[in-house]
Amino acid sequence: MKTHHTWGALALTAGMLLSAAPAQAQDLKIGLILSMSGPYADYGKQIQNGIHTYMAQHGDTVAGRKIQLIVKDDTGIAPAIAKRQAQELLIKDKVDILAGFDLTPNAFSVAPLATESKTPMVVMNAATSSITEKSPYIVRMSMTLPQSAWAMAQWARKENIQSAYILVADYGPGHDAQAQFKKTFTEQGGQVVGEVRTPVSTADYSPFLQRVKDSAPDALFFFVPPGSSMVALAKNFRELGLDKQGIQGIGPGDMTDENSLAALGDAALGLVTAFHYSDAHDSPENQAFVAAYEQGFPGERPNFMSVGGYDGMQLIYKALEATRGDASAEAFIAAARGLQWESPRGPVSIDPETRDIVQNEYIRKLERVDGKLQNMEFDTFAAVKDPGK
């Protein structure tokens, strides 16, 4: 009997000691849904590079929780695949946060799952305005097409560009860019002399650009998928002599993103774009980011998707620091609302109302500087909210 009491007392003491010991914080799992193969593989690669650059600078632990990344390849524009991967991440891997989302259709397909499971969803690129309206748990750290289209229209009218033709790819971001540019440009007194939507996979823009040439506008506002589509557009623009006719090419800055410049070559010289990031942006934060990126990925240039991944992780770290490691959707989103900091792109903040990014839009001209193609900033529209909302 005495022995029984002794063992019972020891067990009770041990239990008390265990309960008094601090609990070990669980790893924080982030499920990344990215295009790692297929025609948009570079999107996923750049976002992932930006994520790794941030973690190389700031460590892999935040608020006492070690970060574990689980990457899923959505293969490109594949909403059904993205949805299936999100389900697997939530049910099998039990991730705390969903992130990535380089393409709009994939983000749309996953949004209802974020709502149903009450999981924070950090969008690092997909740019259709309405994405953040698809779930109360989405926060975006990239951009919206209306932001840059609005700035481009404002600048065009400031420079007394009277008429414009609009050419966009026939999908969500193109529709957003078209609608916002037209709205702002015409409200400021400009005239749209023609509009056309082209198939997303267009390889030859000559027939569409011939219509532009015949209309003889002051400017062509364009948005097509970055990469091979934009290379074809720039090449056809030069071949048909639109530049010699005095038609100024203008558009959102992802048309001349750093990762496409080698392929674009001199055919894109002189294009004027509006955007939130250039690797030539002159600030200490950007210089540090570019140096860290080039150290981690020699021979590569960071672009807007890299900075989207970088700032996406910065948002996650800052929100978790504020919640002391609590990644539950309500706490995370409450902490994210109104966050602000100095990014490699300049000052940024999260709009408390829309959960969308507020950032500078820079007007840039593509120039060759010291033998290198660069988007050189020469004008700024400060703290631009998404005008699409």
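What to note about this one:
- Placing dummy labels 7 Å off each Cα toward the beta-carbon, the span from S215 to D326 is 5.3 nm.
- Across the range 62-67, rounded Karplus estimates of 3J(HN,Hα) from the backbone phi angles (6.51 cos²θ - 1.76 cosθ + 1.60, θ = phi - 60°) give 9, 6, x, 10, 6, 7 Hz, Gly and Pro being marked x.
- DSSP beta bridge pairing in the chain, given as percent antiparallel to the nearest 5: 40
- Nonlocal amide H pairs with L28, under 5 Å, H built at 1.01 Å: K66, I67, Q68
- Exposure proxy order (Cβ contacts within 10 Å, fewest to most) of T198, T380: T380, T198
- Rounded to whole Hz, the Karplus (6.51, -1.76, 1.60) HN-Hα couplings of the range 206-223, x for glycine and proline: 4, x, 6, 6, 5, 4, 4, 4, 5, 7, 6, x, 6, 8, 10, 8, 9, 8
- Using alpha-carbon coordinates, inclination of helix 304-323 to the longest axis of the chain, degrees: 30
- When W155, W150, W341 are sorted by how many other C-beta atoms sit within 10 angstrom of their C-beta, beginning with the fewest, the order is W341, W155, W150.
- C-alpha long axis of helix 228-239 to longest principal axis of the chain, angle in °: 20
- Gain upon complete extension [V193, D282; 0.36 nm per residue less C-alpha separation]: 28.4 nm
- Measuring between their Cα centroids, the range 46-106 and the range 185-218 lie 37 Å from each other.
- Dividing the summed -39500 (n - 2.57) terms of all DSSP H runs of n ≥ 4 by the residue count of the chain sets its mean residue ellipticity at 222 nm at -13000 deg cm²/dmol.
- In order through the range 89-96: 3J(HN,Hα) via Karplus (6.51 cos²θ - 1.76 cosθ + 1.60), integer Hz, x for Gly, Pro: 4, 6, 8, 7, 8, 6, 5, 8
- Paramagnetic reach from A382 (point 7 Å along Cα→Cβ, amide N under 12 Å) across the range 335-355: 347
- Prolate/oblate/rounded label for the range 132-266 (Cα gyration tensor, a/c 1.5): oblate
The numbers here are math on the coordinates, done by the rules we state, and not lab data. On a predicted model such as this, the values are computed, not experimentally measured, just so you know. Note that we place each Cβ from the backbone using ideal geometry, even for glycine, and neighbour counts take in every protein chain shown.
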